[in-house]
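K.L.:
Encoded as structure tokens, here's the structure I'll be asking about.
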């Protein structure tokens, strides 16, 4: 980051270089310089991720675009502040120059997030805005509880949304001819809204302190998830 960028930014937080030094326990993302812990995925979450990825992977065989599943770092603003590192559940990249073997530098073509009861606002509001600003062409939000998928297609810098149910087949706008069958995605999945398997706040605080995150930043993290 050059000196001018540092001067015009109201507050300089952590960057990708800091992120690389953390042991990532608990797993975390870096959102505009502020670390954000991630909850452990549920069984339904993993089943849904596996099925969607399987359909994408089979479609993309022999094609230039590549699909990935978490954990795989995406540095949305790598060419500027490099202070935003997200770990989407599923992503597709068609520009191979954005792949450096360790992360994606820039916006993927497609990002899919599976909602967790712990992070609904984060995925539907914060990440929605981040992905729209970064130029992610297509963003899906999958809800295991309602068994719906919200697709957001970038048009003239703004997302245009549509919702699909569990018996629909959803076209992938960025992959011509690709369709995801939601009957297979949601088949025999049950999402239970409970605290089982989620990171407790105290454990989260202890893990963040272990990674030398400041008390001020920890307070911001905890306030953001309440």
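K.L.:
Filter region 170-184 for residues that are over 20 Å from residue 94 (Cα atoms) and either surrounded by 14 or more Cβ atoms within 10 Å (Cβ to Cβ) or touching a helix residue (DSSP H, G or I) at 6+ places or on another chain (Cβ under 7 Å) (or both) and give the result.
P.N.:
Within region 170-184, 181, 182, 184 meet the criteria.
K.L.:
Within region 67-78, identify whether any single residue is within 17 Å of residue 182 (Cα to Cα), within 12 Å of the chain's Cα centre (by Cα), in contact (Cβ under 8 Å) with a residue 40 or more places away in the chain and buried (at least 19 other Cβ atoms within 10 Å of the Cβ), and answer yes or no. Can you show your working first?
P.N.:
Keep residues of region 67-78 that are within 17 Å of residue 182 (Cα to Cα), which gives none.
No: zero hits.
Conditions (1) under 20 Å from residue 37 (Cα atoms); (2) part of a helix (DSSP H, G or I); (3) modelled with pLDDT under 95, marked per residue:
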{"site": "51", "(1), (2), (3)": "no, yes, no"}
{"site": "64", "(1), (2), (3)": "no, no, no"}
{"site": "77", "(1), (2), (3)": "yes, no, no"}
{"site": "88", "(1), (2), (3)": "yes, no, no"}
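K.L.:
Related question: Which of the following residues is under 18 Å from the mean Cα position of the chain (by Cα), assigned to a loop (DSSP other than H, G, I, E, B) and modelled with pLDDT of 95 or more: 151, 174? First the steps, then the outcome.
P.N.:
Values: 151 fails: assigned to a loop (DSSP other than H, G, I, E, B).
Only one candidate qualifies: 174.
K.L.:
For the list (1) touching a strand residue (DSSP E or B) at 6+ places or on another chain (Cβ under 9 Å); (2) modelled with pLDDT of 95 or more; (3) not in a helix (DSSP H, G or I), I need the number of the one condition that residue 213 fails.
P.N.:
Here residue 213 clears every test but (2).
K.L.:
Looking at 123, 95, 168, which is the one that is under 26 Å from residue 187 (Cβ atoms) and at pLDDT 95 or above? Working first, answer last.
P.N.:
Values: 123 fails: at pLDDT 95 or above; 95 fails: under 26 Å from residue 187 (Cβ atoms).
Testing whether each residue is under 26 Å from residue 187 (Cβ atoms) and at pLDDT 95 or above leaves just 168.
K.L.:
Here's a check for you: in region 132-146, which residue that is modelled with pLDDT of 95 or more and touching a helix residue (DSSP H, G or I) at 6+ places or on another chain (Cβ under 8 Å) is surrounded by the fewest Cβ atoms within 10 Å (Cβ to Cβ)? Spell out the reasoning first.
P.N.:
Initially, region 132-146 is screened for residues modelled with pLDDT of 95 or more, giving 132-142.
In the following step, the residues that additionally are touching a helix residue (DSSP H, G or I) at 6+ places or on another chain (Cβ under 8 Å) were identified as 139, 141-142.
Numbers: 139: 24, 141: 21, 142: 27.
Here the residue is 141.
K.L.:
Another question, then. Given the structure, is residue 180 touching a residue at least 60 places away in the same chain (Cβ under 8 Å) and assigned to a strand (DSSP E or B)? Give the steps one after another, and end with the answer.
P.N.:
Details: touching a residue at least 60 places away in the same chain (Cβ under 8 Å): yes; assigned to a strand (DSSP E or B): yes.
So residue 180 fits the description; yes.
K.L.:
Also, I was wondering about something else. Residues that are under 24 Å from residue 47 (Cβ atoms) and in contact (Cβ under 8 Å) with a residue 12 or more places away in the chain: does region 94-107 have at least one? Before you say what the answer is, go through the steps one by one.
P.N.:
Of all residues in region 94-107, those under 24 Å from residue 47 (Cβ atoms) come to none.
Checking region 94-107: not a single residue is under 24 Å from residue 47 (Cβ atoms) and in contact (Cβ under 8 Å) with a residue 12 or more places away in the chain.
K.L.:
Could you check region 29-48 and list, in sequence order, the residues that are under 17 Å from residue 73 (Cβ atoms), modelled with pLDDT of 90 or more and outside any loop (DSSP other than H, G, I, E, B)?
P.N.:
Correct list: 29, 30, 31, 34, 35.
The values are calculated or read from the model by the stated rules, or taken from the named source; none is laboratory data. A quick note: this is a predicted structure, and the numbers were derived from the prediction, not measured. Quick reminder, even Gly has a Cβ in these numbers, built from the backbone with ideal geometry, and neighbours come from all protein chains shown.
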